[in-house]
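For reference, the structure discussed in these notes is given below.
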Amino acid sequence: MLKIIKSLFVIVAVSAVAAGATGAYFTDSATIAGNTFSTGVLEIRVNGEPSIIGANFSPMAPDQIGDSPEYDINNYGAPSFAGPSNLSAKRLLLTAGNHNDDGSGLWGAVRVKIEVNRGWDTWQEAFNGRLADVRYIDLLSPRWTELAPGDSERIRYQIWLPNSDYSQESRMGKTLTWDFVVEGRTN
């Protein structure tokens, strides 16, 4: 019986020590309140507009080069613009599409030279080849790494039908229309 009482006494003593070791007499806490997550905005515009009418080239002969006006590609945010953009564009991808060539094949034959500039003395060539091959041409590469909010980049292009195109007769009097789309990406 004495052994049972000693065993109970040991169990009670160990339990008391364990409870005392894990119990806290003083406590306090602090709060990290009002956590908020939001996403940024990237808004790309041309000459300050979401969409503008492009160049209308007069009728040209083969190898005659038509120059377009210059356009400003804007990251539409402060400090230069009143828009909501607050993210930098890491890539500005130009794509030609939504074309109509009256079945003449001009889409695959017409050539284009695309150049960009940000106030330099010389223009940087971004692309030179078939208009139909203008897909995701990065207008920032290789000279620039980003287009920050409030900044702009100028773009211009020349367009022509090469004289080496052997189906000139079938293309006489035909019209080609297309869109250029500039897509800003944050990665």
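The values are calculated or read from the model by the stated rules, or taken from the named source; none is laboratory data. All values derive from a computational prediction rather than experimental measurement. As a convention, Cβ positions derive from the backbone with ideal geometry for all residues, glycine included, and neighbour counts pool all protein chains shown.
The table below gives the values:
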{"quantity": "Set Leu147, Leu87, Leu93, Leu131: member being under 16 Å from Asn47 (Cβ atoms) and either at pLDDT 95 or above or touching a Cys at 6+ places or on another chain (Cβ under 8 Å) (or both)", "calculated": "Leu147"}
{"quantity": "Output for region 147-180, where each listed residue is surrounded by fewer than 16 Cβ atoms within 10 Å (Cβ to Cβ), β-branched (Val, Ile, Thr) and not in a loop (DSSP other than H, G, I, E, B)", "calculated": "Thr177"}
{"quantity": "Yes/no for Trp144 being part of a helix (DSSP H, G or I) and surrounded by 13 or more Cβ atoms within 10 Å (Cβ to Cβ)", "calculated": "no"}
{"quantity": "Selection count where residues are over 21 Å from Ser51 (Cβ atoms) and over 16 Å from the mean Cα position of the chain (by Cα), scope region 85-106", "calculated": "6"}
{"quantity": "Selection from region 75-86 of residues that are touching a strand residue (DSSP E or B) at 6+ places or on another chain (Cβ under 8 Å) and either buried (at least 18 other Cβ atoms within 10 Å of the Cβ) or of a type in the set (Val, Ile, Thr) (or both)", "calculated": "Asn75, Tyr76, Phe81, Gly83, Ser85"}
{"quantity": "Near pairs, Cβ below 6 angstrom, 6+ apart or cross-chain, from region 102-114 (in contact (Cβ under 8 Å) with a residue 40 or more places away in the chain and among the small types (Gly, Ala, Ser)) to any residue that is surrounded by 16 or more Cβ atoms within 10 Å (Cβ to Cβ) and not in a loop (DSSP other than H, G, I, E, B)", "calculated": "Ser104/Arg171"}
{"quantity": "Within region 121-141, considering residues that are of a type in the set (Asp, Glu) and in a strand (DSSP E or B), the one surrounded by the most Cβ atoms within 10 Å (Cβ to Cβ)", "calculated": "Asp138"}
{"quantity": "Region 56-75, subset under 18 Å from Glu153 (Cα atoms) and part of a loop (DSSP other than H, G, I, E, B), residue modelled with the lowest pLDDT", "calculated": "Ser68"}
